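Please treat every number below as a calculation from the coordinates, not as lab data. All values derive from a computational prediction rather than experimental measurement. No Cβ is skipped: glycine too gets one built from the backbone with ideal geometry, and neighbour counts run over all protein chains shown.
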Amino acid sequence: MRNNNNVRGDDDAARDLALAAALAVAWVNPAAAAEACNRACLKGMVDAYLAALLKHSPDGLPLSSKVRFTEDMKDMKLGEGLWKGASKIRPYRQDFIDPRTGQAGAHVIVEENGQPVLLALRLKVADRKITEVETQVSRNRAEGVIFDLDGLVAPQPLMNRLPTAAERNSRDQLIKVAGSYPAGLKANSFVTAPFAEDAYRLENGSWMAGDNCTRNPACKVMRTQPLGSGPRPGFQDRLILVDEEQQIVWHRMSWARGEGTRLVVWEAFKVLGGKLVGVEAFMRLAPLASTSGWG
């Protein structure tokens, strides 16, 4: 079975620093700034954002004059919320990059005043300036329903394995295959979804499907595992971005959970050869009437 020992090493750190340096040059170079923000540029934006977060100040970030920032669906000023207490970035970080739409995002474990929190981060970039910052923060089990960081020591190798030529799917195919997951949730059955037999699902660090799932025997096979009772009222689904290089599709979904709450889930789908092979989610509870505010 896959392991999660893919800890970032010195080479990764050096590459990140090089990308950040290259991006910094682009910000002050008018000719470079006129170019579209490619994959390396978008990744550099995430690097720069997280570095600024640890400094508790967005000063120096390439921000649009009309940048919008939300944390947990609330409009805030950059520098508020998690910005005030962020103290460390842990090794787990899963990026999602979509140059076609100028978006980049990540699932990251950040320490806030020494305590781990789950951060879902989305950036929108236009003319090499950050125009949108959308974040979700889960600080504990009460907020996240599940909160098990043992499964989030480092990114899962499969999520970051580049597909072979035979495994690659077109953008439209990726969207269609990934879309079978929210369709299955709405239908309360995954039996028609194209899951690989060993597909896994991680939710807030807990193995909820696949070989590593120990909750019950039925959770081993995601396609046939029970999905609870009844429909999911008020189901909302938003396609965020498509990472064509990594063959990952990122959605934001939510539905009524009872007791006046809504479960909000940022879910990443790895697709290889037309099959869903890995699903990773960061989630938290929100008030029932909540919407993302981003369309």
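For this structure, a couple of remarks:
- Antiparallel bridges, percent of DSSP beta bridges restricted to the chain (to nearest 5): 85
- Arranged from fewest to most other beta-carbon atoms within 10 Å of their beta carbon, 45, 283, 76 become 76, 283, 45.
- Counted over segment 159-287, the DSSP beta bridges are approximately 85% antiparallel.
- Note on residue 54 and residue 183: the extension gain reaches 42.6 nm, defined as 0.36 nm multiplied by sequence separation minus the Cα-Cα distance.
- Estimated [θ] at 222 nm from DSSP helical runs (n ≥ 4, -39500 (n - 2.57)) normalised by residues in the chain, nearest 500: -6500 deg cm²/dmol
- Distance between segment 76-127 and segment 195-250 - C-alpha centres, whole angstrom: 22
- Rg and Dmax [Cα atoms of the chain; Å; Rg one decimal, Dmax integer]: 18.6, 59
- Two numbers describe the Cα atoms of segment 159-287: Rg and Dmax, which are 14.3, 47 Å.
- Whole-Hz couplings from phi, Karplus 6.51/-1.76/1.60, listed for segment 188-194; x for Gly and Pro: 6, 7, 9, 4, 9, 7, x
- Most positive-pole-ward Cα, 236, 222, 130, against dipole of the chain from beta carbon charges: 236
- Spin-label zone in segment 211-231 - amide nitrogen under 17 Å from a point set 7 Å from the Cα of residue 148 along the C-beta vector: 211-222, 225-228
- Loop trypsin sites (Lys or Arg not before Pro), segment 82-119 (other Cβ atoms within 10 Å of the site Cβ: 15 or fewer; DSSP): 100
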